[in-house]
Amino acid sequence: MPKLTINGIEVEVERGTTVLEAARFLGLPIPTLCHDDGLTPYGACRLCLVEVTNGPRSKLQAACTLPADDGLVVQTHSARVERARQLLLELYVATTPQSKTIQDLASRYGVTRVRLTPEFEDCIQCGKCVRICREQMMAGAIGFAYRGNRRKVMAPFRPQSDICRQCGACMYICPVCELRCHGAEAETTLCSGCLNFAPACLDYHDHAMCFLDPCVACELAGPLRQDLVWPAVKPPESPK
Amino acid sequence: MPRLQSLEDLEARRAACVGARDPAKPCLALCAGSGCTASGAPEVLEALRESLKRAGLEETVELKSTGCHGFCEKGPVMLTWPEGTFYNQVAARDAKEIVASVSNGRRPVERLLYRDPTSGERVQREEDVPFYRFQQRVLFGNNGRIDPKNIDDYLGVGGYAALGKALTGSTPEQVVDWVKRAGLRGRGGAGFPTGKKWEVMRAQPATPKYLICNADEGDPGAFMDRSLLEGNPHSVIEGMIIGAFALGAREGYIYVRAEYPLAVEHFRVALAQAEECGLLGESILGSGLDFRIRLVQGAGAFVCGEETALIASIEGHVGEPLPRPPFPAQKGLWGKPTVINNVKTWASVPVIVNRGPEWYAAIGTTGSKGTMVFSLVGKINNTGLVEVPMGITLREMIYKIGGGIPNGRALKAVQIGGPSGGCIPASLIDLPIDYEALTEAGSMMGSGGMVVMDETNCMVDVARYFMEFLEEESCGKCFPCRKGTQRMREILTRISQGQGAEDDLKLLEDLGWMVRETSLCGLGQTAPNPVLTTLRYFRDEYLAHVRERRCPAKVCKQLITYSIEPTLCDGCHACVHVCTTEAILGEKKAAHTIDAAKCIKCGACLEVCQPKAVLVT
Amino acid sequence: MGETPNLQELLRDWPDRPDSLIPVLQEIQDQFHYLPEPALREVAGHLRVPLSEVFHVATFYNCFSLEPVGRHLVQVCLGTACHVRGAPRVLDRLLRDLRLGTPGTTADFEFTLRTVRCMGCCGLAPVARVDANTYPHLTQAKVPGLLKKYRRKEQAQAAD
């Protein structure tokens, strides 16, 4: 049974366990987007990166696909991991700013500014819909097509599939579609409404539409998170 | 050809080949690599054949096509034996004179000899040509001597002797030990110690085991593997058979890119010949080793040079890489232990077996042993393939071998390692070329592409070019590479159009760091190298673009203007004829002007203007 | 033109295993000059690979085209050596002369223009290939002459 060390804690696991599973067993929170316990690991979202410090050079590896090998030494919250997650999430927010799932992740991991123009895509290509269609529904009606930034999820040849059974599993499991922000500033990057004491969405809805971690009121008052005191940041104006 | 059943059979055949050759018999060996073929080698070959026939010399003079000599700039090239005379830029009309010189006391045709640009002297023998003199052609030396489609030629220069030695005179463990002691590092780009990879594979209990030759040379600017496959395919086959013996593999694959049809053809011929004489198949040379090689063609995807993507492609999938660990040596093709090595790495194996690991390890530096093959291209006088010992300096490469920069321009940078590598500035010209030194400088050895740039190249444009390439070739599976390369390319384009801000430079560095740290495979992990190295060494160029909206190298189209200097223009009207947008106005014999609104800065007028009156500011 | 290629005969040469997919598609592309939808459906059934996966492979690799290609395939190399020696200008000129906005097939299906990243003839940059012929040391001035070799007579006169 392989024995590995995560954040200084030694843990022994069964052969075939991944580092993500081992970390979760220890109760350590690692964010994921493309992972689902019922699907084969994919390793595409890169959010679950951890720092592996043994070996000549320490490296960031995706925990969901990393086998928990004997003697592995892993850090889930090192400075390098935190910085990588923040920059990744900055790019995620710029790609799908309207997704509440991604907004919440971004704010939880300390993203306070987005320096890239928003794209409003509907898909982050986590592959969950493709995998659930193939592995759980045994249909394979949708799949990836093309390559690079032209890559997308589609049915072969045309948008409508001739073998789709309309089970809805793909829509159910999509992390971008599952929760959309309906607040007042949904279309801007990082609604900073909650950075104020009274979130802007309360003017339009009965309750605050997002539950951004950490609880902002306390943090603003305390000395610990001064870096959160930023004005709402828009991308820099290009010189004319 | 009868099947060789034992080492004795092999040596008997070799002796027969060598015996059948008369070393004094004149031979005309014409390069038939892709480069010379494009420059007209087939016509030259035909013309030579005709001339020999007319002179009645078909029986007395041998005419053969050989593999790539590596000096493509001067092609078509050929060698005459036994003198070893080197002719360059041979045309069909030269055939008669060449044939005549064979019978006329063997006096060479002067005007076809290589002319040294600095001394103006003619050089007769190949090894005296500066381009070749400083090379150590351990892998490529036979390219100019053998017909790649004839296994007897390979046997004649000692081919398959290493195989005999390994199969009948040593054990698999010994062979692995030789490769380890030689210090051979993977020549595909990453430079991983080959012996170590082989050891890991040997230690795996699962079977069957596989070998793969990675011939998906996708780096733009690199063509060494192509030349070796076209010119000496048997050297690669021999290396793989020795590998099969050492590693316990029964099946091998070679994955060749679709863009190399000649390499595919020559390799197929070589495979068929090796099979025919029993060097591939069952019980090779009576040793009990069974091994076959299958050729698989790529379908046009740079990412398939990455080992796990290549394996996925052989299995019939898209070339999307898989996470490592597990490494292919542990779990590769069909989930079985697989050693995948580059063409040049496999070709190095027979050399190590023949000459011994100590001989090999004596070449190069402490960390990087042996020779390295570079494709020296770009703004350099002598472009072509250069094989040199590791540790040679950039200065020697560019000035001694490369003959310096044409048009009297100044060296600005050298891009080493293809799109995964970085730009080394001229100030580091005394850098010794080895794996560690290049990595420290922010670049990478890569597969050996070396592109020389001068003051007329814009480094922002170069960074944008590579990012565009990587964005297009990214497989798209992992988020940071797919989106990161796109965003970085967008920022670089804006900067090159004069719409960048100084904050963009920090943003590029942050994005670059993130893409490098978080991408799933080597493509993404090295994609930021060109941008990061140019930001490190050529930051003032970027600053000129964002602060002053100026392109110092006068390349970025939105930041330059074409105009005609009236005092230099003689009104010859040549520019008007080539301008496709009718942007040039002027009467004949009077000074012309360019209408900036219509000018698309294509550069056609610049190319034809004799008095050099066209100015780019 | 030659006889119509026979898909069934083509498929018979290959074992019905997933790793036959790419070689089969390469042969279909070779013989049909593109990958027609019915052929891809047939291949999926024959090799027992899901159609969505066949479609991904068909759209992933540069060598495959879902649309018919023109009579002549013009490939311009945009490798590093070629780029540094002016290949973008050659490409621009080709686009203009073929009246294309981006690389693709001309309206009359005479030419398909594609960019390639490195054909391995870097010593002869800039390089382009038309069908099986390679043309070294190109400049934009040489483009009209090059295209003229391949244009049909009537079109050549119209282009002049």
(message) Quick check on region A:110-120. Is at least one of its residues on the phi > 0 side of the Ramachandran plot, within 14 Å of chain C (Cβ to nearest Cβ) and surrounded by fewer than 23 Cβ atoms within 10 Å (Cβ to Cβ)?
(response) no
(request) Could you check how many residues of region A:28-62 are within 11 Å of another protein chain (Cβ to nearest Cβ) and within 14 Å of A:Cys126 (Cβ to Cβ)? (result) 11
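Yes or no, residue by residue, for (1) within 23 Å of B:Glu73 (Cβ to Cβ); (2) touching a Lys or Arg at 6+ places or on another chain (Cβ under 9 Å); (3) of a type in the set (Gly, Ala, Ser); (4) buried (at least 17 other Cβ atoms within 10 Å of the Cβ):
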site: B:Gly408; (1), (2), (3), (4): yes, no, yes, no
site: B:Lys412; (1), (2), (3), (4): yes, yes, no, yes
site: B:Thr439; (1), (2), (3), (4): no, no, no, no
site: B:Met445; (1), (2), (3), (4): no, yes, no, yes
site: B:Asp454; (1), (2), (3), (4): yes, yes, no, yes
site: B:Asn457; (1), (2), (3), (4): yes, yes, no, yes
(request) Just name the residue that is nearest to B:Met453 (Cα to Cα) out of those in region B:516-542 that are facing another protein chain (nearest Cβ under 9 Å) and not polar (S, T, N, Q). (result) B:Glu517
(request) Just need a number here: residues in region B:158-185 that are within 24 Å of the chain's Cα centre (by Cα) and surrounded by fewer than 20 Cβ atoms within 10 Å (Cβ to Cβ). (result) 0
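Anything in region A:135-157 that is assigned to a helix (DSSP H, G or I) and either in contact with a Pro (Cβ under 8 Å, 6 or more places away or on another chain) or within 14 Å of chain C (Cβ to nearest Cβ) (or both)? List them, or say none.
Matches in region A:135-157: A:Glu135, A:Gly148, A:Asn149, A:Arg150.
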(message) For region C:76-91, check the following and say yes or no: at least one residue is in contact (Cβ under 8 Å) with a residue 40 or more places away in the chain, surrounded by fewer than 22 Cβ atoms within 10 Å (Cβ to Cβ), in contact with a Ser or Thr (Cβ under 7 Å, 6 or more places away or on another chain) and more than 10 Å from chain B (Cβ to nearest Cβ).
(response) no
(request) Of the numbered conditions (1) in contact with a Gly (Cβ under 7 Å, 6 or more places away or on another chain); (2) assigned to a helix (DSSP H, G or I), A:Leu20 fails exactly one; give the number of that condition. (result) (1)
(request) Take the residues in region B:29-47 that are touching a helix residue (DSSP H, G or I) at 6+ places or on another chain (Cβ under 6 Å) and in a loop (DSSP other than H, G, I, E, B), then tell me which one is farthest from the other protein chains (Cβ to nearest Cβ). (result) B:Ala32
(message) I'd like the residue in region A:37-78 that is under 18 Å from the mean Cα position of the chain (by Cα) and not in a loop (DSSP other than H, G, I, E, B) and, out of all such residues, is nearest to A:Asp104 (Cα to Cα).
(response) A:Leu49
(message) Restricting to region B:377-401, count the residues that are within 14 Å of another protein chain (Cβ to nearest Cβ) and under 18 Å from B:Ala441 (Cβ atoms).
(response) 0
(request) Out of the residues in region B:523-547 that are outside any helix (DSSP H, G or I) and of a type in the set (A, V, I, L, M, F, W, C), state the one that is surrounded by the most Cβ atoms within 10 Å (Cβ to Cβ). (result) B:Ala527
(request) From (1) more than 13 Å from chain B (Cβ to nearest Cβ); (2) modelled with pLDDT under 90; (3) within 24 Å of A:Phe157 (Cβ to Cβ), pick out the condition that doesn't hold for C:Arg12. (result) (3)
(request) Counting only residues that are assigned by TED's automatic domain parsing to the domain that holds B:Val351 and at pLDDT below 95, give me the helices (runs of 4 or more DSSP H) lying completely in region B:193-248 with at least 2 of them. (result) B:224-231
(request) With the condition kept exactly as written, say whether any residue in region B:514-522 is surrounded by fewer than 18 Cβ atoms within 10 Å (Cβ to Cβ) and in a helix (DSSP H, G or I). (result) no
(request) Output yes when any residue across region B:60-71 is among the β-branched types (Val, Ile, Thr), at pLDDT below 90 and more than 24 Å from B:Asn104 (Cα to Cα), and no when none is. (result) no
(request) Quick one: in region B:574-596, of everything that is part of a loop (DSSP other than H, G, I, E, B) and under 42 Å from the mean Cα position of the chain (by Cα), which residue is farthest from C:Asp97 (Cα to Cα)? (result) B:Ala596
(message) Anything in region A:79-116 that is assigned to a loop (DSSP other than H, G, I, E, B) and at pLDDT 90 or above? List them, or say none.
(response) A:Arg115, A:Leu116
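So that you can scan it fast, the table gives a plain yes or no per residue for (1) among the aromatic types (Phe, Trp, Tyr); (2) closer than 30 Å to B:Phe479 by Cα:
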site	(1), (2)
B:Glu320	no, yes
B:Pro326	no, yes
B:Leu333	no, yes
B:Asn341	no, yes
B:Ile352	no, no
B:Trp359	yes, no
B:Ser368	no, no
B:Lys379	no, no
(message) Among (1) in contact with a strand residue (DSSP E or B) (Cβ under 7 Å, 6 or more places away or on another chain); (2) assigned by TED's automatic domain parsing to the domain that holds C:Arg17, there is one condition C:Tyr34 misses while meeting the rest; what is its number?
(response) (1)
(message) Name the single residue that is nearest to B:Gly189 (Cα to Cα) among those in region B:362-406 being free of Cβ contacts under 8 Å to residues at least 40 places away in the same chain and not in a loop (DSSP other than H, G, I, E, B).
(response) B:Leu394
(request) Please work out which residue is nearest to B:Leu523 (Cα to Cα), limiting yourself to region B:453-475 and to residues that are within 14 Å of chain A (Cβ to nearest Cβ) and part of a loop (DSSP other than H, G, I, E, B). (result) B:Ser474
(request) May I ask you to list the residues in region B:249-262 that are modelled with pLDDT under 95 and touching a helix residue (DSSP H, G or I) at 6+ places or on another chain (Cβ under 7 Å)? (result) B:Tyr260, B:Leu262
(message) Condition first: hydrophobic (A, V, I, L, M, F, W, C), touching an Asp or Glu at 6+ places or on another chain (Cβ under 8 Å) and more than 11 Å from chain C (Cβ to nearest Cβ). Now tell me which residues in region B:48-80 satisfy that.
(response) B:Leu52, B:Leu79
(message) Please return the ranges of helices (runs of 4 or more DSSP H) entirely within region B:73-186 where 2 or more residues are of a type in the set (Phe, Trp, Tyr) and in contact (Cβ under 8 Å) with a residue 60 or more places away in the chain.
(response) B:130-133
(message) Testing A:Ile132 on (1) assigned to a helix (DSSP H, G or I); (2) buried (at least 17 other Cβ atoms within 10 Å of the Cβ); (3) away from chain C (no Cβ under 14 Å), one condition comes back false. Which one is that?
(response) (3)
(request) Just need a number here: residues in region B:332-363 that are among the small types (Gly, Ala, Ser) and crowded, with 24+ Cβ neighbours inside 10 Å. (result) 3
(request) Please specify each residue of region B:430-452 satisfying the condition of being more than 17 Å from B:Ser420 (Cβ to Cβ) and either in a strand (DSSP E or B) or not assigned by TED's automatic domain parsing to the domain that holds B:Leu394 (or both). (result) B:Pro432, B:Val452
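The values are calculated or read from the model by the stated rules, or taken from the named source; none is laboratory data. All values reported here derive from a predicted model rather than from experimental measurement. Cβ coordinates were reconstructed from backbone atoms using ideal geometry, including for glycine residues, and neighbour counts include every protein chain displayed.
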